[in-house]
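Have a look at the structure below before the remarks.
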Amino acid sequence: MATMTQAQRGAVLITGAAGGIGMAAVRRLDELGFRVFAGVRKSSDGERLQREISARITPVLFDITDDASIAQAAEIVTRAVGEVGLVGLVNNAGMIVEGPLELIPTDEIRKQFEVNVIGHIAVTQAFLPLLRKAKGHIVNISAPTGQVAMPYLGALSGSKAALEFVTDALRSELRPFGISVSIIEPGAMQTDIFKKSAASAQQFRQRLPGELLQLYAPALAAVAKALANQRLESPGVVVAAIVHSLTSRSPKTRYLAGRGTGMIAVLRLLPDHVRDGLLLRAFGLANTRRVS
Ligand SMILES: NC(=O)c1ccc[n+]([C@@H]2O[C@H](COP(=O)([O-])OP(=O)(O)OC[C@H]3O[C@@H](n4cnc5c(N)ncnc54)[C@H](OP(=O)(O)O)[C@@H]3O)[C@@H](O)[C@H]2O)c1
């Protein structure tokens, strides 16, 4: 794909740009000539992107769960791009709250939905005036859990399923304005997201009564093993989907990006009990003793 100038490509904003899929996308979009606004939460991360990728990157400091910081970010980007607006918004920031639903404190479940759903809506609202100017494109990063709920990832599954429905509605609502919307469902990628979720689960479990934890101990061990054994891919395949959606004249509404994601459509069609059985087996839970 030929490199074009920033004036030809236009400007994009990507959230969650400090690492993982977001940082890989920043690198590629910059290479392709986009003017990249990189949403980060720490100024040191913004400086690192400029140092490690390119001084052309413009870091924008904001937390997608903080309305005031989103408004400030929108002001900064508006001043920078003016009437030209934004050709793309990639809602990529995200996190995983893992564990059985009975054991997750409700403040953690709220955080899961705040980041993975409400944050993306808030950012989209704030940047829509700029996207309208350029008839831009919105890309939301979901996950296979948005299509098929996974056991012990119930909070994540609920949040990504909500994001899928919000995205479907948004696509129709924005069509009259010439703004297109895609959703990407990446498979298991090599990023820090699983390490972070395991560390955070470890922390909130310390607040739980021991006897409750004991009930779930065999299942927690099996799930930890299954997650550790996942075959992780490089995020390049997700970046390729982001690039396609931002550069194609007819972006797809939905992208499956990565190994195994094609199975999701099949799993959805199966009767509930059959799907439950397959998923339990995949998580190493098929032989978990029935607790009386
Ligand atoms: N990796 C996978 O296997 C996989 C699979 C399916 C879907 N996804 C999705 O892909 C997206 C990117 O994940 P990743 O794997 O690249 O994980 P990652 O490396 O952990 O990146 C997540 C990014 O989101 C940012 N973030 C988290 N909470 C935020 C908040 N409140 N405000 C602003 N930014 C926030 C993080 O910022 P800090 O660095 O400041 O914490 C980080 O930069 C997520 O939406 C995830 O659900 C990933």
Completion exercise
Subset of region 49-65, residues more than 21 Å from residue 122 (Cα to Cα) and open to solvent by 60 Å² or more (accessible area, probe 1.4 Å), comes to 50, 51, 52, 55, 56
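Table: residues versus (1) of a type outside the set (Ser, Thr, Tyr); (2) outside any helix (DSSP H, G or I).
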| residue | (1), (2) |
| --- | --- |
| 4 | yes, yes |
| 8 | yes, no |
| 22 | yes, no |
| 27 | yes, no |
| 54 | no, yes |
| 75 | yes, no |
| 80 | yes, no |
Exercise for the section: Considering each residue of region 30-48, count those that are assigned to a helix (DSSP H, G or I) and open to solvent by 20 Å² or more (accessible area, probe 1.4 Å), and give that number. Expected result: 6
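Out of everything in region 1-24 that is of a type in the set (Gly, Ala, Ser) and more than 9 Å from the ligand (Cβ to nearest atom), what residue ends up being most open to solvent (accessible area, probe 1.4 Å)?
At the first step, the residues of region 1-24 found to be of a type in the set (Gly, Ala, Ser) are 2, 7, 10-11, 16-20, 22, 24.
Cutting the leftovers down to more than 9 Å from the ligand (Cβ to nearest atom) gives us 2, 7, 10-11.
On the way: 2: 75, 7: 99, 10: 11, 11: 6 Å².
Among those that are of a type in the set (Gly, Ala, Ser) and more than 9 Å from the ligand (Cβ to nearest atom), it is 7.
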Practice task
Go through the residues of region 90-106 one by one and say whether even a single one is open to solvent by 20 Å² or more (accessible area, probe 1.4 Å), over 30 Å from residue 219 (Cα atoms) and among the hydroxyl-bearing types (Ser, Thr, Tyr).
Solution key: no
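Are any of the residues in region 98-110 closer than 29 Å to residue 161 by Cβ, outside any helix (DSSP H, G or I) and within 13 Å of the ligand (Cβ to nearest atom)?
Filtering region 98-110 down to residues closer than 29 Å to residue 161 by Cβ leaves 98-110.
Now narrow it down to the ones that are outside any helix (DSSP H, G or I): 98-100, 104-105.
Narrowing further to those that are within 13 Å of the ligand (Cβ to nearest atom): 98.
Among the residues of region 98-110, at least one is closer than 29 Å to residue 161 by Cβ, outside any helix (DSSP H, G or I) and within 13 Å of the ligand (Cβ to nearest atom), which makes the answer yes.
Among the residues of region 70-87 satisfying the criterion of being within 16 Å of the ligand (Cβ to nearest atom) and in contact with a strand residue (DSSP E or B) (Cβ under 7 Å, 6 or more places away or on another chain), which is nearest to residue 125 (Cα to Cα)? Spell out the reasoning first.
Step one: of region 70-87, the residues within 16 Å of the ligand (Cβ to nearest atom) are 70-74, 76-77.
Imposing the further condition that a residue be in contact with a strand residue (DSSP E or B) (Cβ under 7 Å, 6 or more places away or on another chain) reduces the set to 73, 76-77.
Values: 73: 12, 76: 15, 77: 14 Å.
By that ranking, first place goes to 73.
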Practice task
Give the residues of region 115-139 that are open to solvent by 70 Å² or more (accessible area, probe 1.4 Å) and within 12 Å of the ligand (Cβ to nearest atom), sorted by residue number.
Solution key: 118
Fill in the blank from the handout: Matching residues in region 140-167 (assigned to a helix (DSSP H, G or I), away from the ligand (no atom under 13 Å from the Cβ) and without any contact (Cβ under 8 Å) to a residue 40 or more places away in the chain) number 1
Practice task
Name the single residue, out of those in region 38-58 being within 15 Å of residue 77 (Cβ to Cβ) and under 17 Å from the mean Cα position of the chain (by Cα), that is farthest from the ligand (Cβ to nearest atom).
Solution key: 38
Exercise for the section: Go through (1) within 14 Å of the ligand (Cβ to nearest atom); (2) out of contact with any Leu (no Cβ under 8 Å at 6 or more places or on another chain); (3) within 25 Å of residue 236 (Cα to Cα); (4) not aliphatic (A, V, I, L, M) and name the single condition residue 65 misses. Expected result: (3)
Practice task
Quick one: in region 180-237, of everything that is near the ligand (Cβ under 10 Å from one of its atoms) and of a type in the set (Ser, Thr, Tyr), which residue is least open to solvent (accessible area, probe 1.4 Å)?
Solution key: 197
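Could you please let me know if residue 90 is in a strand (DSSP E or B), of a type outside the set (Gly, Ala, Ser) and within 15 Å of the ligand (Cβ to nearest atom)?
yes
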Practice task
Only residues in region 265-282 that are under 13 Å from residue 157 (Cβ atoms) count as the first member; pair them with residues that are among the polar types (S, T, N, Q) and open to solvent by less than 70 Å² (accessible area, probe 1.4 Å), Cβ under 7 angstrom, at least 6 apart or cross-chain, and list the lot.
Solution key: 268/147
Practice task
Mind listing just one residue for me: the one in region 169-179 that is in contact (Cβ under 8 Å) with a residue 40 or more places away in the chain and surrounded by fewer than 14 Cβ atoms within 10 Å (Cβ to Cβ) and, of those, nearest to residue 265 (Cα to Cα)?
Solution key: 178
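The values are calculated or read from the model by the stated rules, or taken from the named source; none is laboratory data. The structure displayed is predicted, hence computed values, not measured ones. Heads up, the Cβs are rebuilt from the backbone with ideal geometry, glycines too, and the neighbour counts pull from every protein chain shown. Areas reflect the complete protein model, heavy atoms only, side chains present, ligands, DNA and RNA absent. Shrake-Rupley method; radii C 1.70, N 1.55, O 1.52, S 1.80 Å.
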